[in-house]
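Let me begin by presenting the structure, written as structure tokens, before commenting on it.
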Amino acid sequence: MSDHRENHEPQAPRDHRAEAATLDASDPLAGVRDRFVLDDTVYLDGNSLGALPRSVPDKVADVVARQWGEMRIRSWTEGGWWEAPERIGDRIAPLIGAAPGRVVVSDSTSVNVFKAVIAGVRMAGPGCTEILVDATTFPTDGYIARSAARMTGLAVRPVEPARIADEVTERTALALVNHVDYRTGRLHDLPGITAALHSAGALAVWDLCHSAGALPVGLDAHGVDLAVGCTYKYLNGGPGSPAYLYIRESLQERFDSPLPGWNSHVEPFGMISRYEPADGITRGRVGTPDILSLLALDAALDAWDGVTVEAVRTKSLALSDFFLDSVAAYVPPGEVRSVTPYDHARRGSQVSLECAGAGEVMAELIRRGVVGDFREPDVLRFGLTPLYTSFGDVERAARVLGEVLRERSAEDGAGAAGSGEAGGPAGSGPAAGPGGSGSAAGADGPTSGGPAA
Ligand SMILES: Cc1ncc(COP(=O)(O)O)c(C=O)c1O
């Protein structure tokens, strides 16, 4: 595939449809798409809600009809319900680079952020006075970090992820950072930021919502202390499926949960009034697990059989390159600007395009069978899930986006006296489009200010 940034020479027009067919024909993950329930819609919203894996409906039906309906209470022991949070954590572990016994599935991401931040502060030295929070974080992390700070008497300081290495001090207890920015799709330097935090004596707490299942994370290899993530995006666990908590092995003994529910007790059925935590990752549990959602997630993870995260990453980058190429080919110059970095080392598994009137544009795309989403104020988000997204999907999405924006320009042009230009509201020349070098530079700067951005 050519690099669109160097494509300055006049060339024969490319046939993106034919290229997509060739890329799909040689895609080693192409067959995995059949493991999902999909239709003629181009579904590029797996970074919000993953598609339904075919393995889920029968499994959930069995959980309801047989395990609950017939076995009833016996399923907690004979059906393995009680151990499911740790067992399913062990299934997620290889996808995020963790050994068994370091991941537990439980609660929502927000609740796990709370556990991780308070437990992290409790592990920090007595001289620590502050928590650093990714200044561009998904809002819930910022809200919870501020509450955790109030409860522990620390201050919160928002810092851009790229500045954490410079801003961390001996007074920093921990930094809470999003691995991939939900809005721009920018991938942050997990190994480098973690190492910088450690060298100042602080803990690294990562939110993996937009990276788990989309790219290698390497939690154990990079010495991450604590991590959280959801399972309903690239892990396809279903709406509201439970989240997970990772605790580095050597910290587990010191993990003092702020939510020490009975499921985390060393003897949960002892009904003992004095709290004594269980050993290991079980300390991350709180109350009775949400079995229906948890076992739907268990079934969803079957979609990963025989698939490596490395293969997923290779395809993800090829998909986003091809999507950006196709957008550059189909969309009139100046209509959109990529805020997703072009540099592979800094790109997650989505492409975000700034576009005037993005809400209306996305509504029109959805009407025409291309489902992405829209984030305030002006970002079109297209999530790429390599398990089921095809090159044909992204080519069609770019083509329909081009049609919608050309029609809009034509309507605007017809309405404006004397205007024969096709240029849209976002303005001027090729440099503003995804193929322009100006947009590549612009893509790297975070575009929002604080945790609640
Ligand atoms: C980065 C990030 N963190 C946290 C959340 C919210 O998680 P939950 O609703 O499971 O608490 C999201 C949801 O999209 C997210 O993208």
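The values are calculated or read from the model by the stated rules, or taken from the named source; none is laboratory data. Values in this document were obtained by computation on a predicted structure and should not be read as measured data. Please note: Cβ atoms are built from the backbone with ideal geometry, for glycine as well, and neighbour counts cover all protein chains shown.
I'm checking my understanding of the structure. Among residues of the stretch 95-111 that are within 16 Å of the ligand (Cβ to nearest atom) and part of a helix (DSSP H, G or I), which one is surrounded by the most Cβ atoms within 10 Å (Cβ to Cβ)?
The qualifying residue surrounded by the most Cβ atoms within 10 Å (Cβ to Cβ) is Ile96.
I'd like to check something: does the stretch 163-170 contain any residue that is within 16 Å of the ligand (Cβ to nearest atom), surrounded by 18 or more Cβ atoms within 10 Å (Cβ to Cβ) and closer than 30 Å to Ala358 by Cβ?
No: zero hits.
Just one of the numbered conditions (1) outside the structural domain of Val361 (by TED's automatic domain parsing); (2) crowded, with 19+ Cβ neighbours inside 10 Å; (3) of a type outside the set (Gly, Ala, Ser) is not true of Glu335; which one?
Answer for Glu335: the failing condition is (1).
For the stretch 131-143, what are the residues that are closer than 16 Å to Arg157 by Cβ, surrounded by fewer than 24 Cβ atoms within 10 Å (Cβ to Cβ) and within 12 Å of the ligand (Cβ to nearest atom)?
Those that are closer than 16 Å to Arg157 by Cβ, surrounded by fewer than 24 Cβ atoms within 10 Å (Cβ to Cβ) and within 12 Å of the ligand (Cβ to nearest atom): Gly142, Tyr143.
Can you name the residue in the stretch 384-403 that is of a type in the set (Gly, Ala, Ser) and in a helix (DSSP H, G or I) and, of all such residues, is farthest from Asp39 (Cα to Cα)?
First, pick out the residues of the stretch 384-403 that are of a type in the set (Gly, Ala, Ser): 390, 392, 397-398, 402.
Subsequent filtering for residues that are in a helix (DSSP H, G or I) retains 392, 397-398, 402.
Numbers: Gly392: 13, Ala397: 15, Ala398: 18, Gly402: 22 Å.
Applying the filter and picking the extreme gives Gly402.
So how many residues does the stretch 335-383 have that are part of a loop (DSSP other than H, G, I, E, B) and closer than 18 Å to Asn178 by Cβ?
Number satisfying all stated conditions: 7.
Looking at the stretch 225-250, which of the residues that are crowded, with 17+ Cβ neighbours inside 10 Å and within 16 Å of Ala124 (Cβ to Cβ) is nearest to the ligand (Cβ to nearest atom)?
In this case the residue turns out to be Leu226.
Considering the stretch 100-155 alone, what residues qualify as being among the charged types (D, E, K, R) and under 30 Å from Glu83 (Cβ atoms)?
Arg102, Asp107, Lys115, Arg122, Asp141
Pro268 passes all but one of (1) surrounded by fewer than 24 Cβ atoms within 10 Å (Cβ to Cβ); (2) within 16 Å of the ligand (Cβ to nearest atom); which number fails?
(2)
Is there any pair with a first residue in the stretch 109-120 that is under 14 Å from Thr137 (Cβ atoms) and assigned by TED's automatic domain parsing to the domain that holds Ile144 and a second that is of a type in the set (D, E, K, R) and within 13 Å of the ligand (Cβ to nearest atom) whose Cβ atoms are under 6 Å apart and which are 6 or more apart or on different chains, and what are they?
Pairs that qualify, where the first residue is under 14 Å from Thr137 (Cβ atoms) and assigned by TED's automatic domain parsing to the domain that holds Ile144 and the partner is of a type in the set (D, E, K, R) and within 13 Å of the ligand (Cβ to nearest atom), are Val113/Asp141.
Go through the stretch 95-115 and give me each residue that's within 19 Å of Leu174 (Cβ to Cβ) and over 18 Å from the mean Cα position of the chain (by Cα).
Once the filter is applied, which keeps residues that are within 19 Å of Leu174 (Cβ to Cβ) and over 18 Å from the mean Cα position of the chain (by Cα), the stretch 95-115 yields Arg102, Phe114, Lys115.
Collect the residues in the stretch 206-224 that are over 15 Å from the mean Cα position of the chain (by Cα) and surrounded by 21 or more Cβ atoms within 10 Å (Cβ to Cβ), keeping them in residue-number order.
Leu219, Val224
Considering only the stretch 262-270, I want to know if a residue exists there that is in the same structural domain as Ala98 (by TED's automatic domain parsing), of a type in the set (Ser, Thr, Tyr), within 19 Å of Gly80 (Cβ to Cβ) and touching a residue at least 40 places away in the same chain (Cβ under 8 Å).
no
Given (1) of a type outside the set (Phe, Trp, Tyr); (2) touching a strand residue (DSSP E or B) at 6+ places or on another chain (Cβ under 8 Å); (3) at pLDDT 95 or above, where does Lys315 come up short, assuming only one miss?
All conditions are met except number (2).
Within the stretch 115-130, can you find the residues that are surrounded by 24 or more Cβ atoms within 10 Å (Cβ to Cβ) and either within 16 Å of the ligand (Cβ to nearest atom) or modelled with pLDDT under 95 (or both)?
Lys115, Ala116, Val117
Looking at (1) under 22 Å from Gly392 (Cβ atoms); (2) out of contact with any Gly (no Cβ under 7 Å at 6 or more places or on another chain), find the lone condition where Ala328 falls short.
Evaluating Ala328 over (1) under 22 Å from Gly392 (Cβ atoms); (2) out of contact with any Gly (no Cβ under 7 Å at 6 or more places or on another chain) leaves (2) as the failure.
Any residue at all in the stretch 81-94 that's more than 16 Å from the ligand (Cβ to nearest atom), more than 26 Å from Val180 (Cα to Cα) and not in a loop (DSSP other than H, G, I, E, B)?
Looking through the stretch 81-94, at least one residue is more than 16 Å from the ligand (Cβ to nearest atom), more than 26 Å from Val180 (Cα to Cα) and not in a loop (DSSP other than H, G, I, E, B).
For the stretch 25-54, which positions are part of a helix (DSSP H, G or I) and closer than 18 Å to Thr308 by Cα?
Ala30, Gly31, Val32, Arg33, Asp34, Arg35
Find the helices (runs of 4 or more DSSP H) located wholly in the stretch 139-204 whose residues include 1 or more that are in contact (Cβ under 8 Å) with a residue 60 or more places away in the chain and of a type in the set (A, V, I, L, M, F, W, C), and list them. Break it down stepwise before answering.
On the way: elements: 139-152, 164-167, 190-199.
Once the helices (runs of 4 or more DSSP H) in the stretch 139-204 are filtered for at least 1 residues that are in contact (Cβ under 8 Å) with a residue 60 or more places away in the chain and of a type in the set (A, V, I, L, M, F, W, C), what remains is 139-152.
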